[in-house]
Amino acid sequence: MNLPSISDLRLLAPRRILTGAGCRSALPEVLAEEGRRRPLVVHDPRMGDSAALADLLRLLERTFGPIPVSTDVPGEPDVDCAQAIAVLLRKGGHDCVIAVGGGSVIDAAKGAAVAATNPGRLADYEGFDRFLQDPLPLYALPTTAGTGSEVTRVTVLGVHNPPRKISIKGARLVPTAALVDPDFLRTVPARVGAAAATDALTHALEAYLRPASSPVSRALGFSAATAILRVMRDGRGFGTPANFAELATASMLAGLAFGNSDVGPVHCLAESIGAVYKAPHGAANAVFLGPVLGYYGSIVAAPMAQVARSVWPDALAGQDDGAATRYLVAAVEAFVAANEVGTLDALCGGQLDIGRIAALAVTNNSNASGPIPMAETDYRAIMASMGS
């Protein structure tokens with residue numbers, strides 16, 4: 001894989017990143033220091049039994065009084081839900097958004113932060129820096145170790161007529177602060193946690209393998225990928241608190257990796273079936289990751305082998321790069337199967353239209369970011385190899 005000889009990185013990250021169990025308790029102070037007085041909380045509607053969420057809301061109410069809350073976010077957010085939250089932001093005169101949830105909630109809140117200060121339709125802002133006014137400040141508290149949206153410059157939202165997913169990107173979309181508190185992971189079901197971890201692994205590896213990535217993004221991707229794979233290797237951290245902190249931090253590092261680079265063909269496929277079939281994003285990335293990595297073949301063998309040998313040094317002693325890469329891919333696919341994350345047929349309801357998904361994938365604005373050029377025929381071949 002040929003790497004660029006010149007790298008120009010302008011590191012994008014929240015002004016503050018807090019990590020560790022209980023770091024949510026610092027949010028009222030962070031808001032007060034920046035002069036925020038009227039926050040709106042957007043949180044996942046499925047978090048009703050979260051002790052960490054209840055604690056956070058109590059802390060906010062002590063400082064700011066009653067806190068308006070919105071929970072109207074579907075599993076796969078679209079421009080309509082983001083626009084609806086923006087209406088609440090404008091009507092309430094809110095000066096910031098607090099997003100507590102997985103990637104769906106954080107992406108919806110990002111879209112709302114843009115829509116609250118910019119006219120017209122969110123879909124008109126697809127691409128890089130298409131909006132004129134700064135979004136409202138956003139404070140992100142991830143509740144899954146998956147998307148890394150708490151540290152990135154992008155929001156991915158569904159649109160209709162025809163169904164697809166768009167990416168709105170820009171440095172001003174990076175949250176003002178990220179509070180990565182592993183206590184929020186305690187109520188995540190094991191299968192959801194496994195899908196989220198594979199989602200984070202996809203972010204890490206796609207940033208690491210992208211030829212145009214800077215050395216910083218590649219290093220962040222390598223660090224995140226090896227940490228996640230070690231948890232997967234040891235079978236820990238899903239449904240128990242043993243590795244929540246490690247996974248939460250690794251997901252955040254993976255977010256920084258692709259947030260300062262890009263994702264690639266795995267996401268192009270996952271976002272396409274998410275738009276058409278409403279497939280959960282983390283599970284979609286999980287089912288495509290192994291087949292796409294395998295499709296790349298020898299072009300990624302050397303960098304992939306470096307990751308694999310860091311995770312399985314004894315098992316891969318004396319093995320060449322190709323064998324090490326195949327070992328890693330097999331391990332990821334075995335993990336996805338063992339944790340019942342899903343299958344392509346199940347995610348698409350047994351109705352997969354290979355031609356339609358391939359056509360959508362190749363038009364995704366991350367299509368050119370993979371280690372090899374991808375055409376519709378490549379995406380068709382990958383899906384055909386998966387037995388659908």
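The values are calculated or read from the model by the stated rules, or taken from the named source; none is laboratory data. Just so it is clear, the structure is predicted and the values come from calculations on it, not from any experiment. Here the Cβ positions follow ideal geometry from the backbone for every residue, glycine too, while neighbour counts run over all protein chains shown. In case anyone asks, the SASA skips ligands and DNA or RNA and just uses the protein heavy atoms, side chains included. Shrake-Rupley method; radii C 1.70, N 1.55, O 1.52, S 1.80 Å.
Applying the condition of being of a type in the set (Gly, Ala, Ser) and either buried (at least 20 other Cβ atoms within 10 Å of the Cβ) or touching a residue at least 24 places away in the same chain (Cβ under 8 Å) (or both) to segment 331-343 and asking which residue is nearest to Ala194 (Cα to Cα) yields Gly342.
Does Ala254 satisfy being within 13 Å of the chain's Cα centre (by Cα), within 21 Å of Ala212 (Cβ to Cβ) and in contact (Cβ under 8 Å) with a residue 60 or more places away in the chain? Criteria met by Ala254. Screening Ala279, Ala224 for residues that are in a helix (DSSP H, G or I) and either small (Gly, Ala, Ser) or more than 17 Å from the chain's Cα centre (by Cα) (or both) leaves exactly one candidate, Ala224. Check segment 135-156 and report whether any residue there is open to solvent by 10 Å² or more (accessible area, probe 1.4 Å), out of contact with any Gly (no Cβ under 9 Å at 6 or more places or on another chain) and either modelled with pLDDT under 95 or assigned to a helix (DSSP H, G or I) (or both). No, that holds for no residue.
Taking the criterion of being more than 13 Å from Met252 (Cα to Cα) and either of a type in the set (A, V, I, L, M, F, W, C) or under 19 Å from the mean Cα position of the chain (by Cα) (or both), the residues of segment 16-34 that qualify are Ala21, Cys23, Ala26, Leu27, Val30, Leu31, Ala32. In this structure, is Leu289 assigned to a loop (DSSP other than H, G, I, E, B) and out of contact with any Cys (no Cβ under 7 Å at 6 or more places or on another chain)? Against the criterion (assigned to a loop (DSSP other than H, G, I, E, B) and out of contact with any Cys (no Cβ under 7 Å at 6 or more places or on another chain)), Leu289 does not qualify. Give just the number: which of (1) farther than 28 Å from Asp234 by Cα; (2) crowded, with 22+ Cβ neighbours inside 10 Å does Ser167 not satisfy? So Ser167 meets the others, but not (2).
The residue list Val105, Val159 contains one member that is open to solvent by less than 20 Å² (accessible area, probe 1.4 Å), modelled with pLDDT of 95 or more and not small (Gly, Ala, Ser), which is Val105. When segment 49-77 is filtered for residues that are open to solvent by less than 30 Å² (accessible area, probe 1.4 Å) and in a helix (DSSP H, G or I), the ones remaining, listed by number, are Ala52, Leu53, Leu56, Leu60. Within segment 326-343, being outside any helix (DSSP H, G or I) and among the hydroxyl-bearing types (Ser, Thr, Tyr) holds for one residue alone: Thr343. Quick one: which residue in Val73, Val87 is more than 14 Å from the chain's Cα centre (by Cα) and within 24 Å of Ala286 (Cβ to Cβ)? Result of the check over Val73, Val87: Val73. Residues considered: Ala358, Ala315, Ala346, Ala323. Of these, the only one that is open to solvent by less than 60 Å² (accessible area, probe 1.4 Å), outside any loop (DSSP other than H, G, I, E, B) and either within 28 Å of Arg191 (Cα to Cα) or modelled with pLDDT under 95 (or both) is Ala358. The single condition among (1) under 16 Å from Pro265 (Cα atoms); (2) open to solvent by 50 Å² or more (accessible area, probe 1.4 Å); (3) touching a residue at least 60 places away in the same chain (Cβ under 8 Å) that Met383 does not meet is (2). Identify, please: which residue in segment 361-377 is within 24 Å of the chain's Cα centre (by Cα) and part of a helix (DSSP H, G or I) and is, among those, surrounded by the fewest Cβ atoms within 10 Å (Cβ to Cβ)? The qualifying residue surrounded by the fewest Cβ atoms within 10 Å (Cβ to Cβ) is Thr363. Yes or no: Arg36 touching a Cys at 6+ places or on another chain (Cβ under 9 Å), of a type in the set (Lys, Arg) and under 15 Å from Thr176 (Cα atoms)? It is true that Arg36 is touching a Cys at 6+ places or on another chain (Cβ under 9 Å), of a type in the set (Lys, Arg) and under 15 Å from Thr176 (Cα atoms).
Of all residues in segment 123-134, exactly one satisfies the criterion of being open to solvent by 90 Å² or more (accessible area, probe 1.4 Å) and in a strand (DSSP E or B), namely Phe128.
Given the criteria modelled with pLDDT under 95, crowded, with 24+ Cβ neighbours inside 10 Å and farther than 20 Å from Pro313 by Cα, does Phe238 qualify? Taking the combined requirement at face value, the residue satisfies it.
Within the bounds of segment 89-104, is there any residue that is under 19 Å from Thr147 (Cβ atoms), touching a residue at least 60 places away in the same chain (Cβ under 8 Å), among the polar types (S, T, N, Q) and part of a helix (DSSP H, G or I)? Yes, segment 89-104 contains at least one residue that is under 19 Å from Thr147 (Cβ atoms), touching a residue at least 60 places away in the same chain (Cβ under 8 Å), among the polar types (S, T, N, Q) and part of a helix (DSSP H, G or I). Take the conditions (1) touching an Asp or Glu at 6+ places or on another chain (Cβ under 8 Å); (2) over 27 Å from Ala375 (Cβ atoms); (3) buried (at least 24 other Cβ atoms within 10 Å of the Cβ); (4) modelled with pLDDT under 95; Gly274 misses just one of them, which is (2).
Checking each residue in segment 182-216 for being surrounded by fewer than 24 Cβ atoms within 10 Å (Cβ to Cβ) and closer than 22 Å to Asp262 by Cα picks out Pro211, Ala212, Ser214, Pro215, Val216.
Considering each residue of segment 112-129 in turn, none proves to be in contact (Cβ under 8 Å) with a residue 40 or more places away in the chain and more than 17 Å from Leu157 (Cβ to Cβ).
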